[in-house]
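Here the structure comes first, spelled out in structure tokens, and everything after it is commentary.
Read-outs throughout are calculated quantities, based only on the coordinates presented, and are distinct from any laboratory measurement. Please read all numbers here as calculations on a predicted model, not as lab measurements. Using ideal geometry, Cβ is built from the backbone for each residue, glycine included, and neighbour counts are taken over all protein chains shown.
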Amino acid sequence: MRLKQSVTIVFFTLLLGAGLLSFFVILSGARNSGVLKDFYWLEADTSGLGSAPGTTRWFNYDWCGLENGALQNCSGKKPASPFSPKDNFGASDSLPAPFANHRNTYYYLSRVAWAMLLVGLVYVVLAVIPVAVTIFSTSLVNAWLAVLALWLAWFFVTLAACLYTGCYVKGRNVFHDAQRSAKLGRKNFAFIWTSVALLLVCAIWSSIVASFFSARRLSHSRQRRHYDTLEPGFSDDTYGNGDKTTMETRDDRGASRGSGNVKFWKMRVKHDTNGNQRQVPQQQQQPVAATEYDSEGVPVIRA
């Protein structure tokens, strides 16, 4: 049990780490200064594309021009700001054709990815409580709630990571094909895929713990049912190949010296051809009753 608690604490720490990384990713673009300005999805050369600045970075909430390492001329902030150069800068002759012809692909991939990441983050938060309780409790319901929340969190964060990767890798390749420089934001992609890995490990461990609790509960339930089916007076001790069971019944109402009778019965259990047990009582012996006792209390039996 101590080993289980220690390992669960380690995985609980990993879960908190996955949640922290996911928070950094979803806050990308929330501020245009400080640490968050380096959490972007794509940086590309956008000079000559309509009203675009020379270099543009795309975030979750806006896009900004980059000059001398500082963000300038940012768009208005809104959740799930789309990656779509046609919508961001307007149509122009220099706009690469895939951005114009497949505008919906980039637009919806980037927006749906943000929504999936938000849902995954909610399940990460919901998983924290049951996983923490699992450290100190063996509740079967709580263990399976943790499993459900963790697998859902892993699913939605993984889906978001795939959508983000597909969207911005395609966009980078389009810029490269147009002989323009472009690069992915290493921090965002490293953080989101690390979250996916951590959540997967936590979900697997949580499933193992829940299965262990279920197996132990089932074992205890079977033992309880087994003992409940044994009638009073029967012993479950076996001899030899386990084909017989003894039953002893003692009348202790008069077991004190000088009074009472002692009676014994023996039962034999045999197996039929189908493997079922059946009890075959031996011939009952007539109890011997002592009616007289000597001076030392020893029963005297007369023929």
With label points set 7 Å from each Cα along the Cα-to-Cβ direction at Val35 and Gln179, the distance between them in nm comes to 4.2
Pairs of alpha carbons in the stretch 57-155 whose separation is greater than 15 Å (percent): 71
Net lengthening on full extension, Ala100/Cys162 (0.36 nm per residue, minus Cα-Cα): 20.1 nm
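Stretch Ala197-Val112 to full length: gain in nm at 0.36 nm per residue minus the Cα-Cα span?
28.5 nm
If you rank Cys167, Cys162 by fewest surrounding Cβ atoms within 10 Å, what's the result? The partial results should precede the final answer.
Details: Cys167 25, Cys162 16.
Going from least to most buried by this count: Cys162, Cys167.
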Which residues does a label at Asn73 reach in the stretch 28-54, if reach means a backbone N under 11 Å from a point 7 Å past the Cα toward the Cβ? 46-54
Once Rh is set to the Kirkwood radius over Cα pairs, what Stokes-Einstein translational diffusion coefficient, in µm²/s, holds for the stretch 10-96 at a temperature of 37 °C and a viscosity of 0.692 mPa s? 235
Cβ-based exposure ranking for Thr55, Thr13, in which fewest neighbours within 10 Å come first: Thr13, Thr55
Roughly how large, in nm² to one decimal, is the mean projection of the convex hull of the alpha-carbon atoms in the stretch 2-223? 13.7
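Dividing the Cα convex hull volume of the stretch 108-155 by residue count, how many Å³ per residue is that? Don't jump to the answer; show the numbers that get you there.
Details: hull volume 2.4 nm³, N = 48.
So the per-residue Cα hull volume is 49 Å³.
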